[in-house]
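Engineer: Sharing a structure below in structure tokens format, with a few things to ask.
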Amino acid sequence: MRMPRTGAVEVSHNGTVISQETIETGGIGSFCSLRWARPRDYGGRFRLDAIQRDGLCTFNPYPRVSDAGPPIAHIPTVPLWYERGPHDALIETLATDTTSALAFASHASRTTSIARHYVRTRPLRPSSTAATEDNSIQLIAHLHMASVDPAFCARGELSPRILASAALGSLNRGHGQVGTSFKQELIAGVKIKRDGDYDMALKGLMVIAYRYRALLTQEQVDFIVNVLAPNHLRGPHDPKLESYAILTENVPETENHMLMINSSRYLVNQLLHDRTGDPKYDNVGNGLMTWLLIYLNIISKHDFLEFNARPYQRLSLHVLFNLHEFARDNSIRAAAKILLDHTMVKFAVSSNRQRRISPFRRLKENTNSPTKINDMLRDGIGGDPVTR
């Protein structure tokens, strides 16, 4: 008696049958109840979500055969020892709600817990790809763990320092264009496109070059500055980057991009001036420090232009943290600290007893829309839905 063309795998865990997974026929990419099968008589692949703890798994396959083919002998049971990796970011020490000093006392522990979680759940895989905000944050997490716990390794992985070194060297700058990016169709088939957003990667690369300098070789620092940082992002402030063209109109560059572009330029200049002594990289002499101080002063007087906009506020805060931590000019560090303090006080006051309700949103079309992924009533979205 021949088996039907649909095969099955009986899955046991610690001696108990927990599932019978079906492998459907069909071409590559076919979708059958979340089960995907290759077009082979004797093979296939399925997704298994039922295993929740460590133990011995056994897979007992029942092969499918072609209608005209001969019967196939029973395939031996396949044993597999399964260890479920730790996917939760276990906060070892919770922040207290008494004083800021006591809360800050646990800051290092909480930071390390988050970095450890990131390394475990987002392993680095060196590949020739452009630097992005996402892979720069992966690198930061791995380098953080290498700095605080050199012996740490995620299960089944090499040390974070080895992985970070290999992954950093495999990056390239892609198009290397900074500023706003877009790709959309206007009317009558007219399409417009602009490459950008590389400054989102640069803000993370600056953290790697400065905070984790002790874990890098000079060649790796030079690689960040000379290869990953675009040549046009060094020296004095470039007024041409303050706007961009859409068809016949010039549009002002957005606040978060202006901050990311010029803070990264400032930090790249510091590294280049250390190495060359060239006065064009002196942020005081070339006027970049003055430009940044004026720009930050405007924000301190009138607040951020991009408020009630969760993704943009995140990017601007990253810039302020970078300037506060890595800038060598006292005035720049002080200006960044003022804006950080201002932002934290606003958050503390407005989030108290959840009293913050914004009168409008960045994207008006998302207001009260249950179809949007950031709707407050949908599962797994997170807090503060009114800011996006």
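Engineer: Could you tell me whether any residue of region 348-355 is surrounded by fewer than 17 Cβ atoms within 10 Å (Cβ to Cβ) and in a loop (DSSP other than H, G, I, E, B)? Quick ask: steps written out before the conclusion?
Structural biologist: Step one: list which residues in region 348-355 are surrounded by fewer than 17 Cβ atoms within 10 Å (Cβ to Cβ), which gives 348-355.
Of the ones still in play, those that are also in a loop (DSSP other than H, G, I, E, B) are 355.
Within region 348-355 (the criterion being surrounded by fewer than 17 Cβ atoms within 10 Å (Cβ to Cβ) and in a loop (DSSP other than H, G, I, E, B)), the answer is yes, since at least one residue qualifies.
Engineer: Could you identify the single residue in ALA108, ALA115, ALA95 that is within 23 Å of VAL345 (Cα to Cα) and either modelled with pLDDT of 80 or more or in contact with a Gly (Cβ under 8 Å, 6 or more places away or on another chain) (or both)?
Structural biologist: Details: ALA115 fails: within 23 Å of VAL345 (Cα to Cα); ALA95 fails: either modelled with pLDDT of 80 or more or in contact with a Gly (Cβ under 8 Å, 6 or more places away or on another chain) (or both).
Unique residue meeting the criteria: ALA108.
Engineer: Of all the residues that make up region 141-157, how many are surrounded by fewer than 19 Cβ atoms within 10 Å (Cβ to Cβ) and not small (Gly, Ala, Ser)? Don't jump to the end; show me each part of the working.
Structural biologist: At the first step, the residues of region 141-157 found to be surrounded by fewer than 19 Cβ atoms within 10 Å (Cβ to Cβ) are 147-153, 155-157.
Then drop every residue that is not not small (Gly, Ala, Ser), which leaves 148-150, 152-153, 155, 157.
Here the count works out to 7.
Engineer: Another question, if that's okay. Report the residue count in region 264-298 for those that are farther than 19 Å from PHE223 by Cα and either in contact with a strand residue (DSSP E or B) (Cβ under 6 Å, 6 or more places away or on another chain) or touching a residue at least 24 places away in the same chain (Cβ under 8 Å) (or both).
Structural biologist: Result for region 264-298: 13.
Engineer: Suppose the filter is under 30 Å from LEU143 (Cα atoms) and in a loop (DSSP other than H, G, I, E, B); does ASN231 pass it? Break it down stepwise before answering.
Structural biologist: Details: under 30 Å from LEU143 (Cα atoms): yes; in a loop (DSSP other than H, G, I, E, B): yes.
So ASN231 passes the test.
Engineer: Let me ask you something else. Starting from residues that are assigned to a loop (DSSP other than H, G, I, E, B) and among the acidic types (Asp, Glu), keep the ones in region 245-298 and report whichever is nearest to ASP197 (Cα to Cα). Walk me through it before giving the result.
Structural biologist: Within region 245-298, the subset assigned to a loop (DSSP other than H, G, I, E, B) is 247-248, 253-254, 277-278, 282-287.
Next, from what is left, pick out any that are among the acidic types (Asp, Glu): 253, 278, 282.
Working: GLU253: 12, ASP278: 28, ASP282: 26 Å.
It comes out as GLU253.
Engineer: Do the conditions hold for VAL148, that is, is it of a type in the set (Val, Ile, Thr), over 30 Å from HIS257 (Cβ atoms) and in contact with a helix residue (DSSP H, G or I) (Cβ under 9 Å, 6 or more places away or on another chain)?
Structural biologist: Values: of a type in the set (Val, Ile, Thr): yes; over 30 Å from HIS257 (Cβ atoms): yes; in contact with a helix residue (DSSP H, G or I) (Cβ under 9 Å, 6 or more places away or on another chain): yes.
The answer is yes for VAL148.
Engineer: Quick check, is ASN226 of a type outside the set (A, V, I, L, M), under 18 Å from ALA327 (Cβ atoms) and part of a helix (DSSP H, G or I)?
Structural biologist: Details: of a type outside the set (A, V, I, L, M): yes; under 18 Å from ALA327 (Cβ atoms): no; part of a helix (DSSP H, G or I): yes.
Considered against the rule, which asks whether it is of a type outside the set (A, V, I, L, M), under 18 Å from ALA327 (Cβ atoms) and part of a helix (DSSP H, G or I), ASN226 comes out as no.
Engineer: Look through GLN177, GLN220, GLN184 and report the one residue that is over 18 Å from the mean Cα position of the chain (by Cα), outside any helix (DSSP H, G or I) and surrounded by 15 or more Cβ atoms within 10 Å (Cβ to Cβ). Working first, answer last.
Structural biologist: Values: GLN220 fails: outside any helix (DSSP H, G or I); GLN184 fails: surrounded by 15 or more Cβ atoms within 10 Å (Cβ to Cβ).
Matching residue, one of GLN177, GLN220, GLN184: GLN177.
Engineer: When PRO126 is evaluated against the numbered criteria (1) at pLDDT below 85; (2) in a loop (DSSP other than H, G, I, E, B), which criterion, by number, is the only one it fails?
Structural biologist: Going through (1) at pLDDT below 85; (2) in a loop (DSSP other than H, G, I, E, B) one by one, PRO126 breaks only (1).
Engineer: Right, here's the next one. Could you tell me whether GLY235 is on the phi > 0 side of the Ramachandran plot and modelled with pLDDT of 95 or more? Spell out how you get there, then give the answer.
Structural biologist: On the way: on the phi > 0 side of the Ramachandran plot: yes; modelled with pLDDT of 95 or more: yes.
Here the answer is yes, as GLY235 does meet what is asked.
Engineer: Additional query: Which of the residues spanning region 247-283 are more than 21 Å from the chain's Cα centre (by Cα), surrounded by fewer than 22 Cβ atoms within 10 Å (Cβ to Cβ) and among the charged types (D, E, K, R)?
Structural biologist: Once the filter is applied, which keeps residues that are more than 21 Å from the chain's Cα centre (by Cα), surrounded by fewer than 22 Cβ atoms within 10 Å (Cβ to Cβ) and among the charged types (D, E, K, R), region 247-283 yields GLU249, GLU253, ASP274, ARG275, ASP278, LYS280, ASP282.
Engineer: Here's something else I'd like to know. Could you tell me which residue of region 309-347 is surrounded by the most Cβ atoms within 10 Å (Cβ to Cβ), considering only residues that are among the acidic types (Asp, Glu) and in contact (Cβ under 8 Å) with a residue 40 or more places away in the chain? Please lay out each step first, then the result.
Structural biologist: Step one: filter region 309-347 for residues among the acidic types (Asp, Glu), giving 325, 329, 341.
Filter once more, keeping what is in contact (Cβ under 8 Å) with a residue 40 or more places away in the chain: 325, 329.
Numbers: GLU325: 14, ASP329: 17.
Taking the candidates together, the pick is ASP329.
Engineer: Looking at (1) on the phi > 0 side of the Ramachandran plot; (2) buried (at least 18 other Cβ atoms within 10 Å of the Cβ); (3) of a type outside the set (Val, Ile, Thr), which one does ALA131 not meet, given that it meets all the others?
Structural biologist: (1)
Engineer: If you take the residues in region 309-334 that are small (Gly, Ala, Ser) and under 27 Å from the mean Cα position of the chain (by Cα), which one is nearest to GLU133 (Cα to Cα)? Explain how you work it out, then say what you get.
Structural biologist: So in region 309-334, the residues small (Gly, Ala, Ser) come out as 309, 316, 327, 331, 334.
With the extra rule that they be under 27 Å from the mean Cα position of the chain (by Cα), the set shrinks to 309, 316, 327.
On the way: ALA309: 18, SER316: 13, ALA327: 21 Å.
Filtering first and then ranking leaves SER316.
Engineer: List every residue pair whose Cβ atoms sit under 7 Å apart, with the two residues 6 or more apart in sequence or on different chains, where the first one lies in region 229-247 and is over 10 Å from ASN262 (Cα atoms) and touching a residue at least 40 places away in the same chain (Cβ under 8 Å) and the second, anywhere, is β-branched (Val, Ile, Thr) and part of a helix (DSSP H, G or I).
Structural biologist: Within 7 Å, the pairs are ALA229/VAL268.
Engineer: Here is a follow-up. Working only within region 139-174, note down all residues that are of a type in the set (Lys, Arg) and over 18 Å from the mean Cα position of the chain (by Cα). Outline the logic, then answer.
Structural biologist: From region 139-174, those of a type in the set (Lys, Arg) are 155, 161, 173; that's our starting set.
Residues satisfying the conditions are ARG155, ARG161.
The values are calculated or read from the model by the stated rules, or taken from the named source; none is laboratory data. Here the structure is a predicted model, which is why all the values come from computation and not from measurement. A quick note on method: Cβ atoms are made from the backbone with ideal geometry, for glycine too, and the neighbour counts reach across all protein chains shown.
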